[in-house]
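What follows is a short report on a single structure.
The values are calculated or read from the model by the stated rules, or taken from the named source; none is laboratory data. Here the structure is a predicted model, which means the values were calculated and not measured. FYI the Cβ positions are ideal-geometry reconstructions off the backbone, even for glycines, and counts take in every protein chain you see. We work out accessible area using only protein heavy atoms, side chains counted, and drop any ligands, DNA or RNA first. Shrake-Rupley method; radii C 1.70, N 1.55, O 1.52, S 1.80 Å.
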Amino acid sequence: MTRHIINSAPASHGFGASTCIVKPIVSRTPSMLLWTLLLAFFVIPATADAQMGGGGFGGGGAGAGPNGPTPDTKPKFLDHVRSRDGLAIRREKGDAVVLGVRVVGNKVVSSYTIQEKIQTRRDHFYDYETVLGDVRRLNDIGSFDHVTFKIDEQPGGVTVTFVVHERPVITQVVFHGNRALNDRELAGRAGVSKSDPLSEFSIESARRRMIDYYQEEGFNQVSIDSTIGFKDDPGTVIFRINEGPKERIEAIEIKGATIVSESRLKKIIKSRGPTVGVLYHIGNVADMRKIDDDVNILASYYHNLGFLTATVGRRIRYDESGKWMTVTFVINEGPRFTVNDVKIVGNQFITEESLRARLELHSGDMFDGTLMRRDIGEITYGYGEMGFIYAEVEPKTVMRDEGNVVDLVYEINEGDRWKVGRILVNIEGEPHLMKETTMLNMVDLREGDWIDRRSLELNRRRIEKSSLLETNPQLADPPDIKVVPRDDF
């Protein structure tokens, strides 16, 4: 059995003539009856929809009533725009309109590459500062000697023309005289190739890089000259190379060492002599920069032991072939110094007694650089445990005139004290597989606590050692926690 619900809208409601909409209802179930009543209640006459401007509930337009719009009816958006003489648009900086942007003088660099750097656009307002910025950006490309611009004023605006003067390009790179190192190896170290901008600076930089490469390989007597241009080709670059012999270390000698054995000192330095047997030509390439670094390594080692005035020099002796050298390090140990007094200055928040309790190097002990650095770390961590995460400690050694003694002074810059603001956990991978709260539960710090530097490092190591995360650096970055200090303390 089919029933019908009839909804009638009288003309007195402002909808015009009465209109009836009939909705058939087939179901007799209570739920369907409820839905039918709701639909019947919200039925809107078709003519009313047309007169209300398509609005549903209170969205009427200008013809909502017989006498025009009611006071609380909002006007249409188009009428609103027309009443305000259009939309308010932000005015661009400038007075004249750019009629066109031209680039002249480029032959190798494409116009598309140049246009990408230019911010002056057609149909935009001309701005002198923007044009100057465009000139700077074009110069930053590195392919032009200089860039200028011209402004052509016309009745309807201006035309901007950028004039570029391209640098000559390299047509070919020639390596002449190389035997031990091939062209591919040298080209990779030189860093210049065909079609690159040609400049004396880049050629000289390439020459020095190749010299460094040869010296790393043991060719310490290498010489390289560069020439630009050959016959009718001004873009040809020629590197003339005189490699010289490849030098190797035949023996390493250390003279003047009394407190430390020669075998111990040879393990400290980076240079190595030949290995007996079949490895006589492996690992003993003579690198002069490495040998010079070994001088500083030996001097620092003796200063660490308390020989603060120790000096180290070197001698090099070649054999008849000029390919094998003997390196001799000469050490002047000098006296060993004793700590006369330990002073702590600059501390305000932490008492000197508390800081001294952390020290291992005391008055009367032989000076030891390792213990001194350990004491610096203890003072720094002591401040870090109390929220002074940016505290710095600078050690100074003051030699006294008498008795080979030295005063040790720790200058402290405490900085500010910080509390924990936010704790961020950095984990790579899918975020839905690991909740951040799971990682925060493994951290002892809480927001509002004083930042503890030592506890922060322990928590980081705890996260890394947990079996929940990948710790292989080849697969993902190791997990990390970041504490953002609060700036209100």
Amide H proximity to Ala286 below 5 Å, modelled H, separation 5+ or other chain, gives Glu247, Arg248, Ile249
Whole-percent carbon and sulfur share, accessible surface of segment 135-212, 1.4 Å:
48 percent
For Val169, which sequence-distant residues (separation of 5 or more, or a different chain) have an amide H within less than 5 Å of its own amide H, given hydrogens modelled in the peptide plane?
Leu198
Note to self: with every protein chain in place and a 1.4 Å probe, segment 303-412 gives an accessible area per residue in Å² of 52 Å²
Using a basic spin-label model with each label point 7 Å from the Cα along Cα→Cβ, how many nm lie between Glu385 and Lys266?
4.5 nm
Plugging the Cβ-Cβ distance of Arg121 and Asp233 into 1/(1 + (r/R0)^6) at R0 = 51 Å yields, to the nearest 0.05, a FRET efficiency of 0.80
Say the cut-off is 19 Å between C-alpha atoms; which of Lys255/Lys396; Lys343/Lys396; Lys194/Lys231; Lys107/Lys194; Lys246/Lys266 go over it?
Lys255/Lys396; Lys246/Lys266
For a paramagnetic label modelled at 7 Å from the Cα of Asp145 toward its Cβ, which residues of segment 183-208 fall within the zone defined by backbone nitrogen distances under 20 Å?
195-205
Measure off 7 Å from each Cα along the Cα-to-Cβ vector at Ala251 and Ser110, then give the distance between these two points in nanometres to one decimal.
6.5 nm
Efficiency by 1/(1 + (r/R0)^6): what FRET value for Asp449 and Thr351, r their Cβ-Cβ distance, R0 = 25 Å, to the nearest 0.05?
0.65
For segment 175-284: accessible area per residue (Å², 1.4 Å)
58 Å²
With every protein chain in place, the accessible area of Asp365 for a 1.4 Å probe, in Å² rounded to the nearest 10, comes to 60 Å²
Might you work out the accessible area of Tyr390 for me, using a 1.4 Å probe with all protein chains in place, and round it to the nearest 10 Å²?
130 Å²
HN-Hα couplings for segment 173-185 via Karplus (6.51, -1.76, 1.60; θ = phi - 60°), in whole Hz with x for Gly/Pro, come out as 10, 10, 9, 10, x, 7, 10, 6, 10, 7, 5, 5, 5
Take the alpha-carbon centre of segment 93-142, take the same for segment 293-357, and report the distance between them in whole Å.
59 Å
